[in-house]
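Participant: A single structure is presented below for examination.
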Amino acid sequence: MQDTTVQAPVQRAPALPLNDAAMPTETPTQAPAELAIRADDFSFWYGGTRALNDITLEMPQKQVTALIGPSGCGKSTFLRSINRMNDLIPGIRHDGDITLRGESVYRTGLDVVQLRKRVGMVFQKSNPFPKSIYENVAYGARVNGLAKGRRALDDLVEHSLKQAALWDEVSDRLDRSALGLSGGQQQRLCIARALAVQPEVLLMDEPASALDPIATQKIEELIYELKDQYTIVIVTHNMQQAARVSDYTAFFYMGSLVEMGRTNTLFTNPREERTEAYITGRFG
Amino acid sequence: MSGPAIGPMTAPQHAAPLDALSFRDRRRRISSRVWLALTGVAAALTVLPLLLIFFHLLRAGLGSLNPEFFTSVPAPVGQPGGGVGNGVLGTFLLVGLAGAMGLPVAIGAGVYLAEAEGGPMANGIRFITDVMNGIPSIVIGIFVWAWVVVAMGGFSAFAGGVALAIMLLPMVTRTTEEMVRLVPREMKEGALALGFTRWRTTLGVVLPAARSGILTGVLIALARIAGETAPLLFTAFGNPFWSAGLGEPIAALPVQIFQYAISPFEEQHKQAWAASLLLIALVLAMNLAARFLIRSPYRSR
């Protein structure tokens, strides 16, 4: 349980030189060539409560970045700041900026609809629409004009469900209600739904926290498959999960980024005492 | 991890047996039962009036129900027979008119209130709809008389429809708002996260998810206005003959019941009972439909 030498099950090639030695507030001297998301002194307030303090970090493309930290540390707020899901909440305010491949997502005049097409999201609680399995996947693609004609749409639905490793389980009942699926299947359906819109980035807000261990394992395997094509940011309470699925890990505490680095390094050799205390289970 | 091994356990000696009740225990138990029984009585009293009404109407009105009663217009005073066929038609027409005029507005307003949540505009509208809900229906009748009947130069089915639509508005607005609010926020966020506009999210995801609740509210409201008399007295007015023209006075079941009930003729009193039975059967049928018919095919398991 409290073994600090947690190893990811798969050996990863060190693809990107995200500077491990850099302090979180410090920008790495050499910006990685394939930078997906970058936050610059990003702060966030709900009314008068400050939820994020000057977050500066970089997330590389086609890698999995895990956001960990105790409840209320701001990791979900940060995740939801990337596709501006927090916009729905009255009384919010931000400072600093987040960029998606160099483009500010907070620039005035930006259409959040365009942003959210490029940055898909999977939620903690699976939230399929009260429609058929087919329609759940097809709806977003159709609304966003991604498939012309019935055949193209059929193909896209099949492809997305296969990507989400759900096709074999539902191919014979696509017209049935999505609400009849099990919790794990619903969550993979939500992933398929997000993939059908063909995003570049996939945000996952504790996608497996309501699932049993077997369904969780499926989601984790899926994340590993998907990172070939997508940049994935995952919020998780489960540190083993972060260690298993992610390439990079950011540790948030009380609204601040304490430490970010390669997952292997962060879990085996954290720089910060608070990180070590958290990952070894001494608090949080 | 490994605590002391759990050995054989013995019960503590001082504990009193579970069935040893003190005076206070007994008193508490009795008082609990008495209060529970009283709420049961209250619940029974609540449904008693409906049972009594139904029983009485069956006794007083069933005898006058026959095919002619449903298909013909009222017989001239003093002659036996006749029916309320024109009133049934008129009631359906008036309710249909009110629905056609009122429902799109009410459902739209309900969605607006749910989406705008606590804005000053929304709070104002919410307050006003609550006030509207409390306006006596006779006042709505008089208002529509002054603004529609007088302007159009005569009583009409259209004016009756307007009066009923005004009654419908606050009821359906508030139930729609409640039902839209019940849609989980996660579902709305799921749609927005796919790059849907707010409008598309509401139309394509939120409203379908709230559909069965909204339709239930609509049916209950329609049943409610189907039985209204006062707003029709100075608007639709009533008509002893067949009429389906929007510009003419039109018969309605509740108005016919009222006119028969205040007439001095025994034959008409009987017809009033029978018409009451018919009206309550219609209203009950609509309520039952609201309960059983409208089940979304995609409700959860």
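Just so it is clear, none of the values below were taken in a lab; they were calculated from the coordinates. Only a predicted model underlies this, so the values are computations on that prediction, with no experimental measurement involved. When we count neighbours, we look across all protein chains shown, and the Cβ atoms used for this are built from the backbone with ideal geometry, even at glycine.
Participant: Please compute the Kirkwood hydrodynamic radius of chain B from all pairs of different C-alpha atoms, in Å with one decimal.
Facilitator: The Cα-based Kirkwood calculation yields 23.3 Å.
Participant: Can you tell me the equivalent ellipsoid semi-axes for segment A:153-192? Use √(5λ) from the Cα gyration tensor, largest first, whole Å.
Facilitator: 15, 12, 8
Participant: Next question. Could you sort the peptides A:169-178, B:135-144 by per-residue average Cβ neighbour count (10 Å cutoff), highest mean leading?
Facilitator: By packing density, highest mean first, the sequence is B:135-144, A:169-178.
Participant: Please order B:W145, B:W273 by the number of other Cβ within 10 Å, starting at the fewest.
Facilitator: Going from sparsest to densest Cβ surroundings: B:W145, B:W273.
Participant: Put one equal scatterer on each alpha carbon of segment A:236-284, apply the Debye formula with no solvent term, and list log10 I(q)/I(0) at q = 0.16, 0.17 1/Å to two decimals.
Facilitator: Debye curve over Cα of segment A:236-284, log10 I(q)/I(0) at q = 0.16, 0.17 Å⁻¹: -0.37, -0.42.
Participant: Restricting to Cα atoms and excluding each atom paired with itself, what does the Kirkwood estimate give for segment B:61-112 in Å?
Facilitator: It works out to 13.3 Å.
Participant: On alpha carbon coordinates alone, what is the Rg over Rh value for segment A:34-106, Rh being the Kirkwood radius?
Facilitator: Using Cα coordinates only, the ratio equals 0.95.
Participant: A follow-up question, please. If you consider only alpha-carbon coordinates, what radius of gyration and Dmax does the protein assembly as shown have, in Å?
Facilitator: According to the Cα coordinates of the protein assembly as shown, Rg and Dmax are 33.0, 104 Å.
Participant: Another question, then. Among B:T129, B:T39, B:T175, determine the one that fluctuates most according to a GNM of chain B built with springs between C-alpha atoms less than 10 Å apart.
Facilitator: Looking only at B:T129, B:T39, B:T175, the biggest GNM fluctuation is shown by B:T39.
Participant: Which percent of Cα pairs goes in each bin when the distances of segment A:161-284 are cut into 5 angstrom slices starting at zero?
Facilitator: Percent of Cα pairs in each bin: 2, 10, 19, 20, 16, 13, 9, 5, 3, 1, 0.
Participant: Right, something else. Just the projected area, averaged over all directions, of the convex hull on the alpha carbon atoms of segment B:150-273: how many nm²?
Facilitator: Spelled out: convex hull of the Cα atoms, projected over all directions, averaged, 10.4 nm².
Participant: Report P(r) for chain A: all Cα-Cα distances, bin width 5 Å, range 0 to the bin holding the largest distance, values in whole percent.
Facilitator: P(r) for chain A, in whole percents per bin: 1, 6, 12, 17, 18, 17, 13, 9, 5, 2, 0, 0.
Participant: Moving on to the next point. Can you pull the Kirkwood radius for segment B:14-94, inverse mean 1/r over Cα pairs, to one decimal in Å?
Facilitator: Here the Kirkwood hydrodynamic radius works out to 18.2 Å.
Participant: Okay, next question. Relative to the first principal axis of the alpha-carbon coordinates of chain B, what is the inclination of helix B:120-134, with its axis defined by its Cα atoms, in degrees from 0 to 90 and to the nearest 10?
Facilitator: With rounding to tens, the tilt is 60 degrees.
Participant: Please give the Cα centre distance for segment A:98-124 versus segment B:184-254, rounded to the nearest Å.
Facilitator: 38
Participant: Provide a whole-number value for the mean count of partner chain Cβ atoms within 10 Å of the Cβ atoms in peptide B:203-214.
Facilitator: Taking all residues of B:203-214 together, the mean is 2.
Participant: Per residue, how much space in cubic angstrom lies within the convex hull of the C-alpha atoms of segment A:108-169?
Facilitator: Numbers: hull volume 7.2 nm³, N = 62.
Cα-based convex hull of segment A:108-169, divided per residue, equals 116 Å³.
Participant: Share of Cα-Cα pairs in segment B:40-158 beyond 19 Å, in percent? The partial results should precede the final answer.
Facilitator: Numbers: 5102 of 7021 pairs.
Of all Cα-Cα distances in segment B:40-158, 73 percent exceed 19 Å.
Participant: Quick one: what Rg and Dmax do you get for segment B:138-208 from the alpha carbons, in Å?
Facilitator: Gyration radius and largest Cα-Cα distance of segment B:138-208: 19.2, 55 Å.
Participant: Same structure again: Count, for each residue of B:183-190, the Cβ atoms from other chains sitting within 10 Å of its Cβ, then give me the mean as a whole number.
Facilitator: 5
Participant: Right, here's the next one. List A:Y134, A:Y46 from most exposed to least, where exposure is judged by having the fewest other Cβ atoms within 10 Å. Numbers along the way, then the final one.
Facilitator: Details: A:Y134 19, A:Y46 15.
So the ranking, lowest neighbour count to highest, is A:Y46, A:Y134.
Participant: Suppose a student asked you for the relative contact order of chain A, using Cα pairs under 8 Å spaced at least 6 residues apart; what percent would you report?
Facilitator: Details: 534 pairs, mean separation 79.8, N = 284.
After rounding, I find 28 percent.
Participant: To the nearest µm²/s, what D does Stokes-Einstein give for segment B:213-300 at 25 °C and 0.890 mPa s, using the Kirkwood radius over alpha carbon pairs as Rh? Intermediate values should be presented prior to the final figure.
Facilitator: On the way: Rh = 14.7 Å.
The calculation lands on 167 µm²/s.
Participant: When all C-alpha to C-alpha distances in segment A:76-231 are sorted into bins of 5 Å, what percent of pairs does each bin hold, rounded to whole numbers?
Facilitator: Spelled out bin by bin, segment A:76-231 gives 2, 9, 18, 21, 20, 15, 9, 5, 2, 0 percent.
Participant: Still on this structure: What residues of segment A:126-147 lie in the reach of a label at A:D175, counting those whose backbone N is under 19 Å from a point 7 Å from the Cα along Cα→Cβ?
Facilitator: A:130-139
Participant: For labels at B:A151 and B:A289 in the simple 7 Å Cα→Cβ model, what's the distance in nm?
Facilitator: Those two pseudo-labels are separated by 3.1 nm.
Participant: Shielding of A:54-67 by partners, i.e. mean partner chain Cβ atoms within 10 Å per residue?
Facilitator: 0
Participant: Right, something else. Multiply the residue gap between B:A100 and B:I138 by 0.36 nm, knock off their C-alpha separation, and tell me the result in nm, one decimal place.
Facilitator: That works out to 11.5 nm of additional length.
Participant: While we're on this one: Set the Förster radius R0 to 22 Å, insert the Cβ-Cβ distance between A:D40 and A:M254 as r into 1/(1 + (r/R0)^6), and round the FRET efficiency to 0.05.
Facilitator: Efficiency computed from Cβ-Cβ geometry: 0.65.
Participant: Still on this model: Sorting A:K75, A:K148, A:K131, B:K270 on the 10 Å Cβ count, fewest up front, what's the list?
Facilitator: In order of increasing Cβ crowding within 10 Å: A:K148, B:K270, A:K131, A:K75.
Participant: Further question: Is it possible to state the helix-based mean residue ellipticity at 222 nm for chain B, with each DSSP H run of 4+ residues giving -39500 (n - 2.57), the sum divided by total residues, to the nearest 500 deg cm²/dmol? What is it? If you can, show how the numbers build up before the last one.
Facilitator: Numbers: 12 runs with 198 residues, N = 301.
Counting only the DSSP helices, I get -22000 deg cm²/dmol.
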